[in-house]
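Undergrad: Before I ask anything, here is the structure I am working with.
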Amino acid sequence: MYVERPGLEQMLEHAGTGSFDKLILWKYDRLSRDNIDFPALLHFLNKNEVGVESITEPTPNDGSPYNEFVVGILGLVSTMERRVFIMRSKMGMRTRLKRGFHRGSSPPYGYDYNPETGHLEINPEETKAVKEVYDKYLELGTLCSVRRHMNENGFKPRFSDRWRLSTVKRILTNRVYLGEYIYKDIVTRHEEVRIIGDGQFEAVQTRLKERSMLGVTNRYYDKSLDKCRKDLSFDDKTSDPVVQKYLQKKASMPPCPRCDDRMNVIKYGKHDSPTVGKLQQYCCKPCNYEFILFPKSP
């Protein structure tokens, strides 16, 4: 069993060491809404003699097989309700897009959402930052350089005090700045919200693709990459063994759960768990965020 919920991971570790004997939930679906994970989690807790009770969904708690059966059925019902909700939400979003409305999620950076019209409206201050990100990426050539420039020149992101690589890349790859509302296979065009021209957007995508050829997502560095070097518009010495070793090390790091950045993640420890095996501990330096990665089941 492999989970990526830090609170749940900590609870399972404590359950395996006998730190508590009862788990009280508001509803059983707070444990999991996945019809595979829920029975596995319930079995793990019962195996470690941890009782599971819900405040709003009382069930017989006499330790009989019927108790586990009833709780399991409630978990499956929650899974079905979640899938029905997701299906209806997707149908609603597709209908909105076909009618030319924005799908109603949080507006991308550079825009405000007008609930009366159902459309995005350009935010003048944030639009300046969007244009600056595109201009500076073509001028400076790297995401790190753009992030540094934005932080040092007074441009403010929406939900943070400082710009992050993931924020910069999200802006550079979002086609909404071309005036496009996109959901799955539905695309509607709205010139009134266009911020970036087609030529500049395509130039940025070309540069991003070039950079990705030599980025940390490439786990192997060999002569095939050097053959591509003559076609690139920048000069990175990928055949340098020191650079290769560094990039290969970073390629094995997990992305930060908070900012999705891999380059600044470091491994700072590990310890053995009696229930799941060896836990790897990591830290994202820009976020100052620590997280634990549970080993995958063989």
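Each reported figure results from applying straightforward, stated rules to the coordinates on display, with no laboratory input. Just so we're clear, the structure is a prediction, and the values are computed from it rather than from any experiment. Every residue, glycine among them, receives a Cβ derived from its backbone with ideal geometry; neighbour counts consider all protein chains shown.
Undergrad: What is the sum of charges, Lys and Arg at +1 and Asp and Glu at -1, for the other residues whose Cβ falls under 15 Å from the Cβ of Glu152?
TA: +3
Undergrad: Nearest 20 debye, what's the magnitude of the dipole of segment 105-212 about its Cα centre given +1 on Lys and Arg Cβ and -1 on Asp and Glu Cβ?
TA: With Lys and Arg at +1 and Asp and Glu at -1, about 620 debye.
Undergrad: What is the order of Asp185, Asp260, fewest Cβ neighbours within 10 Å to most?
TA: In increasing order of surrounding Cβ atoms, one gets Asp185, Asp260.
Undergrad: Can you tally the net charge around Ala203? Count Lys and Arg as +1, Asp and Glu as -1, for every other residue whose Cβ sits under 15 Å from the Cβ of Ala203.
TA: On the way: positive: Lys131, Lys136, Arg175, Arg207, Lys209, Arg211; negative: Asp135, Glu139, Asp198, Glu202, Glu210.
It works out to a net charge of +1.
Undergrad: Please tell me which of these pairs span more than 19 angstrom C-alpha to C-alpha: Lys131/Lys169; Lys131/Lys184; Lys131/Lys285; Lys136/Lys209; Lys27/Lys278?
TA: Lys131/Lys184; Lys131/Lys285; Lys27/Lys278
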